[in-house]
Amino acid sequence: MLGSAGALVTATLIAGAVVAPSASASAQQGQDREAKGAAVAAARAAKTGIDWQDCPADWGLVKPIQCGWVSVPLDYAKPNGKQIKLAVDRIGNTGTKADRQGALVYNPGGPGGSGLRFPTRVTNKNPVWANVAKAYDFVGFDPRGVGHSAPISCEDPQEFVKAPKADPVPDSEADKLAQRKLAAEYAKGCAERTGKAMLAQMTTPNTVRDLDVIRAALGEKKLNYLGVSYGTYIGAVYGTLFPGHLRRMVVDSVVNPSREKIWYQANLDQDVAFEGRWKDWEDWVAANDAAFHLGTTRAAVQAKWLQLRATAKKNPIGGVVGPAELISFFQNAPYYDSSWVPVATVFSKYVAGDTQALVDAAAPDMSDTAGNISSENGNAVYTAVECTDAKWPTSWKKWDRDNTALNKNYPFMTWANAWLNLPCATWPVKQQTPVNVKTHKDLPQVMIVQSTRDAATPYDGAVELHQRFKGSRLITEKDAGSHGVTGLVNPCINQRVDAYLLSGKLDAADVTCTPHATPKP
C-alpha cells in the first residue's frame, strides 16, 4: 500500500571472443549514463531557473504562493530527448533576508502524493512550522506522473470511483480468480493509457534525479529536504545517489530501504503493523465507551466491526458502501491519530441507527474524476512506481500462499493490500533492481523521526535506514503510532526538528520521546 534480484547473465569465455557484458555490468553502464544525464539536466535547469507566477486559479493555491515549471528528461539516459514538465510551487521565508537559509523541498509520500500543499503550512500559520518558515522558502512539487506533472492513468476515472467494489476478502477460488483478472486488466490498462515509454520511466531513482534538477532550478547549491512516508525512500535514494548535493534532510515515518523489502515484502510487513495499530484503536474506542457505545473491550468493538462488514457484504449500505469501501474509510484510524475520533464517531452513529453518516463518510466521491488530480491518478502512480522499481513475484501460488498465511492472524488489511499490488505480477514493462541505499563520504548527518507503532511504515524501516546512513540520528516517538510525526504537536520532537533545520544541531546520541497527546472524544 503503500522480489528476487534478476539472474546474472554470464557469458561463456571463448579465447579471443568478445565477451558480452553481464547484466550487472550493463545495469551499471545504464546508471552511469543516467548519472551523466542528470548532471546535464541539472546544469540546464540552473541556467534556466524557474519563471515564478501566480498559481493557476483552479490549483487552489492563493498568493503569496507562486507556481512554476521545471523541465526534466523523460529518460535520463537520453537527457536531450523527450522532456516533461514538473509543477513546483513556493512561498518565501517569513523572516528577514539575513534569516534565510534557502529552500526546504517537501514530499508527502505515496507514491502518488502531491507536495503542492506544503507552502500552505505558512499561509495557514501552522505553529509547528513557524520557526522553520522564518529561515526557509517552503517548496512543493508534483512528482513525475502526479497531478500537474505529466499525469498518468491506468483506468477511466469514472470506472475507478464506481462502487461498491468486490469484497477484498475472498470466500472462494472463484473470488480470487476474479480479483486476479481485475489486476491483470489494470496492469494492461496502465500500458494502454500511459504508454510503455512513460511507464518504464516511473521509478524512484528518476524521481530522485528530478528532485536534483529542481534543486538546481531553484538556484540551490545543496538541497534541504523533508520527506514523509514514501518521501523517506526518495530521501534515502537521494542521499545515496547525490550525497554531496545534500545539506540537511529530515525523514519521517520511514520506508524500509532494504532491497529485500522493496516492494513486495514491505507490503506484507504493513499488513502485520496495520493489525497492531487497528487493535490500538479498538482498545481506545473501548476505553471511551461512554462516548461511543461500541463496547467496553477490544473484542466487543471487533465483533461490531465484523457485524458491520457482514451487513455491508450482504446489502451494501446506501447501495454503495460494501466491505471494500469500509476498509478504505476505516483504515484511516490505524493510519492517523487525527482520524481516531472521526472514524469512531461515524461508527458509533451507524450502530445507533444513523446510516447516512457512514454513507457520507465512506462512499466514494463521484466528482473525484478530474483526470490529473483524481484518486485514479494517485493510484496509477502508486502502482507504476512500486511495480517498476523492483522485481515482484510472478507466481500466483506465492502470492496466494503468503497472503493466505498472513490473513489468518492479520486480517484487517491483508487481502485488500494484496489486490492493490497484484498488477505488479503481470507488469508490462521491465522491472528494475532497487538502489542499494548506503552511506557515501559526502553524506551529511540525517535526522530520522519515527513512531514505534506506525502501521504504514513499520518501525524496523527507521532502524534499517539509521544503520545504513552513518552518523544519522534516530528520534523515536515511543508508544505512538501516527503515520507522519513531524507535523504533530510533541515538543520533544518539534524542538529537535527546529534545531536541526535552523542550526544543523543534532543530539550526541539517539533520542526517545514520550508520545504526543492521545486523542480525546
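Every read-out reported here was derived from the displayed coordinates using simple, explicitly stated rules and does not represent laboratory data. Keep in mind the model is a prediction, meaning the values are calculated, not measured. All Cβ positions, even for glycine, are placed from backbone atoms using ideal geometry, and neighbour counts span all protein chains on display.
With the crude spin-label approximation of a point 7 Å out along Cα→Cβ, what separation in nm comes out for D283 versus T439? Each label point lies 7 Å from its Cα, and together they span 3.5 nm. Between the listed residues V88, Q179, V485, the Cα displaced farthest toward the positive end of the dipole of the chain, a dipole computed from Cβ unit charges relative to the Cα centre, is found at V88.
State the extension gain, in nm to one decimal, for the chain segment bounded by A43 and W59, taking 0.36 nm per residue of separation less the distance between their alpha-carbons.
Values: separation 16, 0.36 × 16 = 5.76 nm, distance 2.91 nm.
Contour length minus Cα-Cα distance gives 2.8 nm.
Amide H to amide H, with H built 1.01 Å from N, G102 comes under 5 Å of D137, counting only residues 5 or more places away or on other chains. Of the trypsin sites (Lys or Arg not before Pro) in the range 393-488, the ones in a loop by DSSP (not H, G, I, E or B) with at most 16 other beta carbons within 10 Å are K430, K438, K441, K470, K478. Just how far, in whole angstrom, is the range 121-142 from the range 397-457 if you go by their alpha carbon centroids? So the two Cα centres are separated by 30 Å. Each residue in T514, T120, T383, T394 was given a count of other beta-carbon atoms within 10 angstrom of its own, and listing them fewest first yields T514, T394, T120, T383.
Under the 0.36 nm per residue contour assumption, what length would be gained going from the current alpha-carbon distance of E185 and K82 to full extension? Don't jump to the answer; show the numbers that get you there.
Working: separation 103, 0.36 × 103 = 37.08 nm, distance 2.82 nm.
Here the answer is 34.3 nm.
Could you tell me which of rounded, prolate or oblate describes the range 416-520, using a ≥ b ≥ c as the square roots of the eigenvalues of the alpha-carbon gyration tensor, with rounded for a/c under 1.5 and, failing that, prolate when a/b is larger than b/c and oblate otherwise? Note, shape of the range 416-520 comes out oblate. Only one of [x] 167; [y] 176; [z] 159 was calculated from the structure for volume of the Cα convex hull per residue in Å³, and its label is [z]. Between D51 and K505, the modelled label-to-label distance comes to 4.4 nm, taking each label 7 Å out from Cα in the direction of the beta carbon.
The sum of -39500 (n - 2.57) across all DSSP H runs of n ≥ 4, divided by the residue count of the chain, sets its helix-only mean residue ellipticity at 222 nm to -13500 deg cm²/dmol. When the listed pairs K391/K441; K261/K398; K162/K313; K85/K162; K63/K134; K314/K408 are checked against a 20 Å cut-off, the alpha-carbon distance exceeds it for K391/K441; K85/K162; K314/K408.
Shape class of the range 264-362 from the Cα gyration tensor (axes a ≥ b ≥ c, square roots of the eigenvalues): oblate, since a/c reaches 1.5 or more and a/b does not exceed b/c. Residues C67, C424, ranked from the fewest to the most other C-beta atoms within 10 Å, line up as C67, C424. Cross-link partners for K196 among the aspartates and glutamates, with Cα-Cα distance under 19 Å and sequence neighbours closer than 8 places in the same chain left out: E34, D75, E155, D156, E185, E376, E386, D389. Between D156 and K196, the modelled labels are 2.5 nm apart [label points 7 Å from Cα along Cα→Cβ].
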